[in-house]
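A quick write-up on the structure given underneath.
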Amino acid sequence: MRAFEARNPADILVALGDNDYTEDPSAFAANWEASFGWTRAAGVTVTGVLGNHDVRVEGGRYQFDQLQLPRRYFRRAVGPIELYLLDSNNVDAAQTTWLRRTLARSRAHWRIAVAHHPAFSCGKYTSHPAIVRQWVPLFERYRVRLVLAAHDHNYQRFAPRRGVRYVLHGGGNPRLYPLTRCPAGYPRHLRAARKRGFLYLVVRGGRLDGYAVTPAGRRTDHFVIGS
């Protein structure tokens, strides 16, 4: 990722959760520095969300400094983009109310929601019922353009569902999970692969380009969201 960013400058790195499997705050700090300490010198802002493994110790609070998290869910503006960084470990009424009010106030053209657990997945995991019930209607009502998630250790990209696109990339873990046939009622799979890697997003005016990138820096999938 460091070599890729040197050739493709980025403004922000967003961690999609399960950032730590050690359950040891000291080990996490050392591992994070070894993997992503380079972002400071590169001028890359860091942020992210908490996964189910992250909240096992201190509710994930030990990661707040490294990921620059002000709280467990929050909004962050990056140029013309607004990121809504959500805690899908606890889809409670307070967070859902905050999300509805924040989206209703937004005037951003590019609204991107980020959560560790996916609304839709066709692999080891399937839908997160609380997200589908409480957050998906808000994504649709308030014109969220893209929803990013992980949790399943593979790559999945779905066809738009009522204007919202769902992309899942859990390829940061070397142990990949199998893919399965999607249940009835899901948005259609456009691309699905058991592969490691990360996502690279580029916004220029009224166009967002997204790429799935391997650890070696090869782009293996490309999607476009227009204005």
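Numbers for the structure displayed
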quantity: Rg ratio (alpha-carbon, reference 2.2 N^0.38 Å) - the range 14-60; calculated: 1.16
quantity: Accessible area in square angstrom per residue, the range 133-217, 1.4 angstrom probe; calculated: 47 Å²
quantity: Low-density loop positions, trypsin sites (Lys or Arg not before Pro), the range 138-227 - DSSP coil, at most 11 other Cβ in 10 Å; calculated: R162, R175, R181, R188, R218
quantity: Computed lengthening from Y21 to N173, 0.36 nm per intervening residue step minus Cα-Cα distance; calculated: 53.7 nm
quantity: Under 9 Å, Cβ to Cβ, from H151 - net charge with Lys/Arg +1 and Asp/Glu -1; calculated: -1
quantity: Length released on extending from V78 to A30, taking residue separation times 0.36 nm less the Cα-Cα span; calculated: 14.5 nm
quantity: Computed magnitude of the charge dipole of the chain (debye, nearest 20; Cβ of K, R +1, Cβ of D, E -1); calculated: 1140 debye
quantity: Per-selection metrics, the chain (Cα): Rg and Dmax in Å; calculated: 16.4, 47
quantity: In order through the range 71-84: 3J(HN,Hα) via Karplus (6.51 cos²θ - 1.76 cosθ + 1.60), integer Hz, x for Gly, Pro; calculated: 6, 7, 8, 6, 10, 9, 8, 9, x, x, 9, 10, 9, 10
quantity: Carbon plus sulfur fraction of accessible area for the range 1-153, probe 1.4 Å, in percent; calculated: 49 percent
quantity: Net length gained if the chain between R107 and R2 were fully extended (0.36 nm per residue, minus Cα distance); calculated: 34.5 nm
quantity: In Hz, Karplus ³J(HN,Hα) per residue of the range 162-177 (6.51, -1.76, 1.60; θ = phi - 60°; x = Gly, Pro); calculated: 6, x, 10, 9, 10, 10, 10, 9, x, x, x, 9, x, 8, 8, 9
quantity: Point-charge dipole on Cβ atoms (K/R +1, D/E -1) for the range 29-112, about Cα centre, debye to 20; calculated: 480 debye
quantity: Per-residue ³J(HN,Hα) for the range 45-57, Karplus 6.51 cos²θ - 1.76 cosθ + 1.60, θ = phi - 60°, Hz, x for Gly and Pro; calculated: 5, 10, 7, x, 10, 9, x, 5, 6, 5, 8, 6, 10
quantity: For A15, distant residues with modelled amide H under 5 Å away; calculated: T47, G48, V49
quantity: Cα centroid separation - the range 168-192 against the range 26-56, whole Å; calculated: 25 Å
quantity: For the chain, calculated [θ]222 nm from helices alone, where every DSSP H run of n ≥ 4 adds -39500 (n - 2.57); calculated: -5500 deg cm²/dmol
quantity: Y125 long-range amide H proximity, modeled H, under 5 Å; calculated: none
quantity: Ranked by how many other beta carbons lie within 10 Å on average, peptides 118-127, 31-40, 59-68 from highest; calculated: 118-127, 59-68, 31-40
quantity: Environment charge at Q134 (Cβ cut-off 11 Å; Lys +1, Arg +1, Asp -1, Glu -1); calculated: +1
quantity: T220 long-range amide H proximity, modeled H, under 5 Å; calculated: A212, V213, T214
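The values are calculated or read from the model by the stated rules, or taken from the named source; none is laboratory data. This is a predicted model, so every value here is computed, not measured. FYI the Cβ positions are ideal-geometry reconstructions off the backbone, even for glycines, and counts take in every protein chain you see. Just so you know, the surface numbers come from the protein's heavy atoms only, side chains and all, with ligands and any DNA or RNA stripped out. Shrake-Rupley method; radii C 1.70, N 1.55, O 1.52, S 1.80 Å.
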